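For reference, the structure discussed in these notes is given below.
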Amino acid sequence: MPAKRTTTKILVDGGNPEETSRIKQLLGFVDGQTTNPSLIAKNPEIRKLVASGHPLSRQEENEEYKRIVQRISTLVGDAGVSIEVFADLDSSAEQMLEQGKEMFTWIPNAYIKYPCTQEGLRAAQMSVHDGIRVNLTLCFSQDQAAAVYGATKGTVVPAYVSPFVGRLDDGGENGMDLIRNIRKMYEAGDGHVHILAASIRHLDHLLATFAFGADLVTVPAKVLEEWAAKGFPIAGKDFTYKGKTPKGHALKPLLYKPLNLNEPWEKFDIAHELTTKGILRFVEDYRSTLEKIA
């Protein structure tokens with residue numbers, strides 16, 4: 001029996017079209033997909049090439065990424081496929097935008113992912129002016145989500161902000177509180193940014209996103225398979241999230257901050273250690289597939 005659709009759209013978090021097809025058969029639908037450099041590096045065909053002694057040039061990597069998302073594009077629904085630009089800590093907004101413009105032409109349902117950094121937000125703002133759909137990723141704070149709201153004003157279709165709940169849990173903070181806090185903050189807005197819960201580690205994360213009103217959630221295949229094995233349960237508003245750290249300790253609550261969404265986005269405190277660490281991890285995974293240039 002296929003899964004019942006919820007108000008939260010379900011995306012697959014991965015870089016393997018065969019996996020997407022399998023999950024679509026299991027659920028009966030897939031609303032969209034998110035990709036990033038780490039997930040593309042784990043694609044079976046990419047890993048096979050690298051293991052055979054054929055690391056890729058940057059052009060080849062780009063072509064493989066394009067080929068993979070083009071295959072995924074036809075499998076998913078109206079939440080689209082999020083394609084992440086290759087950015088390190090020194091990448092400028094203009095460099096990211098140049099990539100984003102090209103990637104946006106790859107498929108008709110593309111969303112371009114930029115990091116929640118000063119330059120990433122500038123790239124998103126310019127993208128919105130050019131009619132490019134955007135997804136701001138590696139979000140770990142309410143301030144970052146407020147900045148996303150400001151930077152994407154005027155978007156023709158809703159922009160996405162992707163709070164990484166699992167990585168907050170890893171560090172001892174309640175990642176699901178961030179979903180609730182952003183939802184509460186956005187109630188004062190015009191609805192032009194949708195919350196896409198990410199870094200989903202287990203079934204309770206998924207159930208909590210349903211209960212706490214995330215617009216979308218991107219989920220690894222193994223968690224969706226567990227959801228299916230348990231009969232596709234849906235959590236209501238009375239659901240209590242009882243997350244723990246990897247060592248089994250209680251999570252520290254994230255308190256709500258009364259932020260003014262009408263402030264210029266540049267005024268928000270968007271610096272976050274986990275965003276920096278996330279960028280460095282993506283860069284490392286991306287470079288692991290590339291040929292070494294002397």
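The values are calculated or read from the model by the stated rules, or taken from the named source; none is laboratory data. This structure is a prediction, so every number in the text was calculated from the model and none was measured. Reconstructed Cβ throughout: ideal geometry from the backbone, glycine too, with neighbour counts over all protein chains shown. Surface accessibility is based on the protein's heavy atoms, side chains included, excluding ligands, DNA and RNA. Shrake-Rupley method; radii C 1.70, N 1.55, O 1.52, S 1.80 Å.
What the table below lists for this structure:
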quantity: Accessible-area order (highest first, 1.4 angstrom probe) of the listed residues Lys66, Lys42; calculated: Lys42, Lys66
quantity: Extension gain, Ser52 back to Lys252 (0.36 nm per residue minus Cα-Cα distance, nm); calculated: 67.5 nm
quantity: Contour minus Cα-Cα distance for Lys277 and Phe29 (0.36 nm per residue); calculated: 86.0 nm
quantity: Charge dipole (the chain, unit charges on Cβ, about Cα centre) - positive-most of Ala228, Phe282, Thr35; calculated: Ala228
quantity: Relative contact order, percent, the chain [alpha-carbon distance under 8 Å, six or more residues apart]; calculated: 23 percent
quantity: Theoretical gain in end-to-end length, Glu284 to Glu60 [0.36 nm per residue, Cα-Cα removed]; calculated: 78.9 nm
quantity: The range 107-209: C-alpha gyration tensor shape, a/c 1.5 cut-off, then a/b vs b/c; calculated: prolate
quantity: Estimated FRET transfer efficiency when R0 is 41 angstrom, pair Lys237-Gln95 (beta carbons, to 0.05); calculated: 0.40
quantity: The chain: calculated mean residue ellipticity at 222 nm from DSSP helix runs of at least 4, using -39500 (n - 2.57); calculated: -13000 deg cm²/dmol
quantity: Projected area averaged over orientations for the range 98-149, convex hull of C-alpha atoms, nm²; calculated: 3.4 nm²
quantity: Reciprocal mean inverse distance between Cα atoms of the range 157-294 - Kirkwood radius, Å; calculated: 16.7 Å
